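Here the structure comes first, spelled out in structure tokens, and everything after it is commentary.
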Amino acid sequence: MGTPRVVVLGGGLSGMAAAYTLARAGVGDVTLLEAGPTLGGLAGSFEREDHFYPLGYHHILHRDRALLYFLELIGALPDVVWRRIQMLFHLGGQAYDLASPSGFLRFPMSLADKARFVRLMVKTFSQPDWTGWQDRSAAELVDHYGSAGVREALFERLTRLKFDLPCRDVSGAWLGARLHFREGSAPLGYIPHANWTKVLCDGVTKLLQDTGIHIRLRAPVARLHTSQARVVEAELESGERISGDVFISTVPTRIYLGLVPEETTPQLSRIRYTALISAICATRQAVTPQAYWNNLASLDRTAGAIFLLSALNPTIGREGDTCVNFVTHLPGCDHPLFRVPKDQLMARYADDFREVFGFELQPFWTHISRVPMYSPVFDRGFRNPPMMSTSWGNVYFAGNYRTFPSIVSTGTALGSGVATAIALLGERGRTSGLSEAIANFRLRSMPRANPLKDARALL
């Protein structure tokens with residue numbers, strides 16, 4: 001099939017990247033279906049008083065090559081500013097900055113365990129490949145290279161906040177790769193006087209338009225029709241049917257499995273997702289300390305973390321505003337907290353704010369996002385599903401559920417879409433230099449790292 005008709009399900013970053021990669025390589029009939037009013041998925045935005053804000057905290061990582069490449073592609077990378085931020089670990093009514101010698105020494109962990117913690121971090125920094133730990137737990141990894149005391153003092157709290165799971169049920173491969181990536185060890189990036197995720201989504205949307213991709217917004221798919229072991233049509237909720245020769249699913253696996261009968265591809269059905277509540281509000285109050293990332297590790301608060309978005313990007317929103325983001329990871333959307341009414345939820349978050357900062361929060365607007373399927377749960381034994389369906393010969397998969405054991409980020413979502421599109425092209429005798437261009441992309445100057453910050457980057 002020389003020039004297939006390709007239908008991409010889902011207009012998040014993976015779907016956008018897959019569609020762009022195909023069109024750039026000369027595939028002339030690509031249709032992108034998105035249920036919402038805009039492209040971007042979790043990297044989307046909302047507007048308040050002529051300013052745009054992210055749905056939840058996002059920052060540009062200096063090692064996220066796919067993201068940096070696309071920012072360069074749309075002409076936005078020169079506008080990125082790198083800023084050193086403060087991360088605090090709130091425990092027992094105290095705040096600890098583990099990146100500072102005094103904060104690290106004050107943290108409630110024995111001196112012997114602090115030395116073992118450093119040994120753990122050195123090991124994870126030096127080992128890039130952790131696939132050998134896929135069937136072993138995060139508890140085994142921390143106990144082996146650190147100690148049980150390190151795990152109990154720090155990592156048990158972080159895996160509870162992230163997945164509501166103990167370390168023994170979380171993948172050791174995921175934890176090792178996460179620590180190796182050093183997400184929190186260097187300055188984070190933003191674009192002044194803008195919400196950088198909107199800049200990214202708008203820029204990539206223009207790339208899609210310029211390459212002739214058919215973008216269908218507000219086009220939720222109701223089901224996929226099959227014939228002779230192939231998917232042949234996507235039926236929209238409106239009843240319209242869109243035919244295709246190849247289909248790329250970038251939607252969460254639970255959604256995809258509800259669209260097509262008798263899908264038996266290994267690993268798809270076992271993937272579970274966390275849910276996320278992200279509440280963003282603005283206040284005219286000055287908030288100190290100006291710590292961007294506040295981990296609430298006592299495990300007795302509603303929020304798992306409080307981000308001061310204006311501590312990273314002082315130009316977000318109106319001049320003088322402080323932008324606050326409360327974040328709660330839940331084990332699933334069936335958790336009772338996921339359905340708590342807005343007023344009750346914000347009252348609980350206000351209690352968290354008072355506990356951390358010592359005064360009453362007075363926001364003048366609030367926006368709440370509830371994401372029922374936010375991140376795959378990388379439990380012990382997790383495996384990436386195949387890139388191609390074993391049930392339907394023309395269905396491919398892309399998304400952050402295929403990037404294990406890497407971190408989940410805007411860049412990995414983009415990279416997964418590119419990788420799937422390149423595999424599709426390769427099977428049809430076509431090539432693309434996009435994967436190599438991303439792999440070889442480097443910042444002209446790299447932000448310098450601070451390894452003691454990395455343990456808190458687990459969230």
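The values are calculated or read from the model by the stated rules, or taken from the named source; none is laboratory data. Since the model is a prediction, treat every value here as computed from it, not as a measurement. Neighbour counts are summed over all protein chains in view; Cβ atoms, including those assigned to glycine, are modelled from backbone coordinates with ideal geometry. In case anyone asks, the SASA skips ligands and DNA or RNA and just uses the protein heavy atoms, side chains included. Shrake-Rupley method; radii C 1.70, N 1.55, O 1.52, S 1.80 Å.
A compact table of results
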read-out	value
Net charge of neighbours whose Cβ lies under 14 Å from the Cβ of residue 261, counting Lys and Arg as +1 and Asp and Glu as -1	-2
Vicinal HN-Hα couplings computed from phi for region 88-102 (Karplus, 6.51 cos²θ - 1.76 cosθ + 1.60; Hz; Gly/Pro x)	10, 10, 8, 8, x, x, 10, 10, 10, 9, 6, 7, 9, x, 5
Charge dipole (the chain, unit charges on Cβ, about Cα centre) - positive-most of 373, 426, 42	426
Within the chain, helix-based [θ] at 222 nm, where runs of 4 or more DSSP H residues each add -39,500 (n - 2.57), nearest 500	-8500 deg cm²/dmol
Cut-off under 5 Å, modelled amide H: who pairs with residue 394 long-range	231
Alpha-carbon centroid distance for the pair region 1-54 / region 104-161, whole angstrom	38
For residue 126, solvent-accessible area (1.4 Å; no DNA, RNA or ligand), Å²	80
With Cα atoms, 0 to 90° folded angle of helix 342-357 axis to the chain main axis	40
Per residue value of the accessible surface for region 245-309 (all protein chains in place, 1.4 Å probe), Å²	33
Average Cα contact separation per residue, the chain, under 8 Å, 6 or more apart, as relative contact order %	26
Members of 162/198; 114/162; 162/206; 162/342 lying beyond 32 Å, as alpha-carbon distances in this model show	162/206
Among beta bridges that DSSP assigns inside region 1-85, antiparallel share in %, nearest 5	40
P(r) weight above 27 Å for region 1-146, C-alpha pairs, percent	54
With every protein chain in place, region 53-177: carbon and sulfur % of accessible area (1.4 Å)	50
Residue 90 accessible area, 1.4 Å probe, all protein chains in place, Å² to nearest 10	30
Residue-level accessible surface for residue 201, protein heavy atoms, 1.4 Å, Å²	10
Selection from 25, 98, 85, by position along the positive dipole direction of region 1-112 (Cβ)	98
Evaluated at q = 0.14, 0.18, 0.25, 0.30 Å⁻¹: base-10 log I(q)/I(0), Debye formula over Cα of region 114-168	-0.35, -0.59, -1.05, -1.23
Distant-in-sequence amide H partners of residue 365 (H built 1.01 Å from N, under 5 Å)	282
Prolate/oblate/rounded call for region 216-269, Cα gyration tensor, a/c under 1.5 rounded	oblate
Those trypsin sites (Lys or Arg not before Pro) in region 290-371 that DSSP places in a loop and that have at most 14 other beta carbons within 10 Å	318
Nearest-ten-degree value, helix 196-210 long axis tilted from longest Cα axis of the chain	10
Vicinal HN-Hα couplings computed from phi for region 320-334 (Karplus, 6.51 cos²θ - 1.76 cosθ + 1.60; Hz; Gly/Pro x)	x, 6, 10, 9, 10, 10, 8, 10, 10, 8, 10, x, x, 6, 8
Under Karplus coefficients 6.51, -1.76 and 1.60, residue-wise ³J(HN,Hα) of region 8-21 in Hz, glycine/proline x	9, 9, x, x, x, 5, 5, x, 5, 5, 5, 4, 5, 4
Region 26-87, dipole about Cα centre (Lys/Arg Cβ +1, Asp/Glu Cβ -1), debye to the nearest 20	440
Sequence of 225, 144, 214, 58 from largest to smallest accessible area, 1.4 Å probe	144, 214, 58, 225
Dipole moment magnitude, nearest 20 debye, the chain about Cα centre, only Lys, Arg, Asp, Glu C-beta charged	900
Antiparallel DSSP beta bridges within the chain, percent to nearest 5	70
5 angstrom amide H check on residue 379, placed H, neighbours 5+ away	171
Using a Förster distance of 51 Å, the FRET efficiency for residue 243-residue 360 (Cβ separation, nearest 0.05)	0.30
Region 37-154 - charge dipole about Cα centre, Lys and Arg +1 at Cβ, Asp and Glu -1, debye rounded to 20	540
